[in-house]
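A quick write-up on the structure given underneath.
The values are calculated or read from the model by the stated rules, or taken from the named source; none is laboratory data. Being a predicted model, the structure only gives us computed values, none of them experimental. Positions of Cβ are backbone-derived with ideal geometry, glycine not excepted, and every protein chain shown enters the neighbour counts.
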Ligand code: SF4
């Protein structure tokens, strides 16, 4: 390569040498401009970058192997070969017309110059290192020979036909000297043959280990051993058939054994974190300012974007943008961000103004408003910067704008690095990326293109970047060298380790040729499996010869519990040579092992020993504390602060006593939450911890529920104004029409327009022909299931909340209801809430009805055990508000779909059983109805006492944690632990 490039730069006048990336761009253009001719290479209207790379490889193969394509295929010609031929011809034509030469045609160009005698003859030429050169390389070598005074060509050769078949006859030189010394190298080169076994037991060592990790660990221990015995680390090498795979283990194991090493690995430029950030930057405007893209971009530490706010420089914090944009339901579109945030500010402000909002929460909401205002400023400035990348431009102009933004955002500034290694990695990646931009700019002077949009520019740039490799670290020959099998040939080391000697890794005979079947490979004269095996043998032999003093072979026996088969080369080498074993060595050099042993000592109580060695990154006392919390405090009853039992902290108890004093107003659901899980209550209502909001693209369960409540409220409220509420058979048709009209009006207030919304509306309204809607079934149930004595009377009766006229019953009150809890502290409790519906009889008996549009969640047993409070507390509250009426029942009205509408009495007074009609056949109808209501008040009294004492432990109820519990990920609840309980204050009633 260097030789031909030198000739080219010395003698070329009119041509331009292009890079592999530029070749790919040309192929991409050819495909795009004639897309109808190349259906094979298009997927969803674009050829993938992988496809273009494969085409480049295919063209390269045709040139280097001088394949007469597609004629050589004979009867195998097809539309695929026609398209491949067309791409090849168009590519060559383009290069010729534009005086371009690629890396493959460069050989051709040099051959032409040599045969045309445009170049002076060489005096002496020495060529060595070629094993089975390609046809075009052979032509080049021959033309060099023809132009040389003295020509010396060294062929790697031996008597072993399993490895050597190229004897150089193709050079046409009669006098070929065979100089094969009968030394150890010659002895080794007889591998893969049937010669009698020879003794290499002082040089050749073989071992196997359970898995790859142990394999690399064994190598590390052996290297430490060699170094301890005076070996020079620079003279030790480890070769892997697959360097990337091996390097991952080496990076983990070698530092643990304190071995200095250098991995000869080139990483993909596209995988570099700093380059990925540049692509993330481009993605934001190219892909319509998606929320996820912007948050992802801001999370990158390479983004140093700052904006001015109140005279100070600020950074946009990704967690803030993430949380608030989710809350604002922003999905994408640069124009949707600011209106989304402004709407959210409006919502937060009305929540702040609501008297229902407790003071601490009001403060935190106020802070959120300020935070969102700050975000608006920052995002506006960031979008202004990023928008400069948008629009249709030439590639050159796109690159200019990108460079401008990178420089504005300090990308080239490589000063703030604390770690030399990361600095090295990023500076290498950036310089490689800027080189790529330079070469793109140059090549687009050569290959002019039309103006393209940002999306197309992004695709082009990523295509070119994917090809690029870079080396993260400086090469360091003073350390143990970790390398690939093929990279190490022709070098010299004292000690060589060859790892991963397993079938499939070595030999590799499954090299795939793009776009070709096995038969086509044969007709094209490409390498067959037999050729590949011979080459693999040669490179293995060449690798073995690298080792001067010793070679250590090793293979893993399994990978993730799957057995591995050792390489056939192990078989061959052990048949030919006497060898020794290795690898049984005591591990005394691993830091991890030392820490592991220390952990064992700790577990046995040998604390002093651990403190002396002190190799752990944490203090021993810290580790012990953590172990104790898990092993002691989180066992059996909830009785420590680690389980939310805070009663021993006077400050907290004082604060809780104040927080839950007699002025505190509770809703029934607060007690339900505390009863089921005090810890959840604590996180939600005391710490105000919230989960990240979700983006809602369709109607939410809450919206569904309130929509039903709203429709039914308006229906009955309007009937009430006309003087009759109860639906009868005679006005069934009219009632249905009425409720459907209301439903239409309510649906029109939503802006959804998707199949889920259409199906939801149809579920409510039916289709007027076959399917009955939920509202129709509801009206029927209202006629059939209302006990004759009852009539609907109050709807959405609100207690203790601010009144929104037109949304709640006109008898609603803003004052909470105060219920008597009997002797002792607390003596009373203030209740607020909203009662869905209250049906009343002529003799002033009433029934509370609660609509359920989600799941049936509470049973009668829950009322008894202090997990369900709505029905009993609402009955008691209404009685308290109006002493002239008596509550005799509480019912659930389950409304899910047209086929699942049920009403049943959950708790009721048996004295009035006859009045309940068909609703009264449940076990919640009891003689001791009044006692049951009082039982709920007793539970409440106990809960308030526990809250004041700071008792906020996780649930004591087996299997009751709700699936949707937002704190599941941070709570340590364990069902099995409940079996160890000796009794809990909260659980006493069960
Ligand atoms: S998962 Fe269960 S125990 Fe944990 S917070 Fe939620 S309800 Fe409480």
Here the residues within segment 666-694 that are surrounded by fewer than 19 Cβ atoms within 10 Å (Cβ to Cβ) and more than 16 Å from the ligand (Cβ to nearest atom) are 692, 693, 694
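Taking the stated definitions as given, is residue 940 part of a helix (DSSP H, G or I), under 27 Å from residue 823 (Cα atoms), more than 16 Å from the ligand (Cβ to nearest atom) and in contact with a strand residue (DSSP E or B) (Cβ under 7 Å, 6 or more places away or on another chain)? It would help to see each step written out before you state the result.
Numbers: part of a helix (DSSP H, G or I): yes; under 27 Å from residue 823 (Cα atoms): yes; more than 16 Å from the ligand (Cβ to nearest atom): yes; in contact with a strand residue (DSSP E or B) (Cβ under 7 Å, 6 or more places away or on another chain): yes.
Yes, satisfied.
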Sole miss for residue 39 among (1) at pLDDT 90 or above; (2) at negative phi is condition (1)
Out of all the residues in segment 948-962, is one or more within 16 Å of the ligand (Cβ to nearest atom), more than 20 Å from residue 860 (Cβ to Cβ), in contact (Cβ under 8 Å) with a residue 60 or more places away in the chain and assigned to a helix (DSSP H, G or I)?
no
Residues satisfying the stated conditions in segment 764-778, i.e. touching a helix residue (DSSP H, G or I) at 6+ places or on another chain (Cβ under 9 Å) and surrounded by fewer than 21 Cβ atoms within 10 Å (Cβ to Cβ):
765, 766, 771, 772, 776
For residue 160, are the conditions met, namely being at pLDDT below 90 and surrounded by 17 or more Cβ atoms within 10 Å (Cβ to Cβ)?
yes
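I want to confirm something. Restricting to segment 84-110 and keeping residues that are more than 21 Å from residue 524 (Cβ to Cβ) and free of Cβ contacts under 8 Å to residues at least 60 places away in the same chain, which single residue is surrounded by the fewest Cβ atoms within 10 Å (Cβ to Cβ)? Spell out how you get there, then give the answer.
Applying the first criterion (more than 21 Å from residue 524 (Cβ to Cβ)) to segment 84-110 yields 93-101, 106, 109-110.
Cutting the leftovers down to free of Cβ contacts under 8 Å to residues at least 60 places away in the same chain gives us 93, 96-97.
Working: 93: 11, 96: 12, 97: 8.
Selected residue: 97.
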Limited to segment 363-400, what total is found for residues that are buried (at least 18 other Cβ atoms within 10 Å of the Cβ) and farther than 21 Å from residue 340 by Cβ?
4
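Quick check on residue 131: is it in contact (Cβ under 8 Å) with a residue 40 or more places away in the chain and under 18 Å from residue 176 (Cβ atoms)?
Numbers: in contact (Cβ under 8 Å) with a residue 40 or more places away in the chain: yes; under 18 Å from residue 176 (Cβ atoms): yes.
Taking the combined requirement at face value, the residue satisfies it.
Only one of 343, 270, 286 is under 28 Å from residue 468 (Cβ atoms), at pLDDT 90 or above and more than 20 Å from the chain's Cα centre (by Cα). Can you tell me which? Give the steps one after another, and end with the answer.
Details: 343 fails: under 28 Å from residue 468 (Cβ atoms); 270 fails: more than 20 Å from the chain's Cα centre (by Cα).
Answer to the selection: 286.
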Being more than 9 Å from the ligand (Cβ to nearest atom), out of contact with any strand residue (DSSP E or B) (no Cβ under 6 Å at 6 or more places or on another chain) and in contact (Cβ under 8 Å) with a residue 12 or more places away in the chain is the requirement here; does residue 945 meet it?
yes
Of the residues in segment 965-990, those that are modelled with pLDDT under 85 and either within 9 Å of the ligand (Cβ to nearest atom) or within 29 Å of residue 875 (Cα to Cα) (or both) come to 985, 986, 987, 988, 989, 990
For segment 891-912, enumerate the residues that are surrounded by fewer than 17 Cβ atoms within 10 Å (Cβ to Cβ) and more than 47 Å from the chain's Cα centre (by Cα).
910, 911
What residue, of 935, 917, 930, is at pLDDT 90 or above, away from the ligand (no atom under 14 Å from the Cβ), over 26 Å from residue 685 (Cα atoms) and surrounded by fewer than 18 Cβ atoms within 10 Å (Cβ to Cβ)?
930
Number of positions in segment 13-53 that are touching a residue at least 24 places away in the same chain (Cβ under 8 Å) and in a loop (DSSP other than H, G, I, E, B)
6
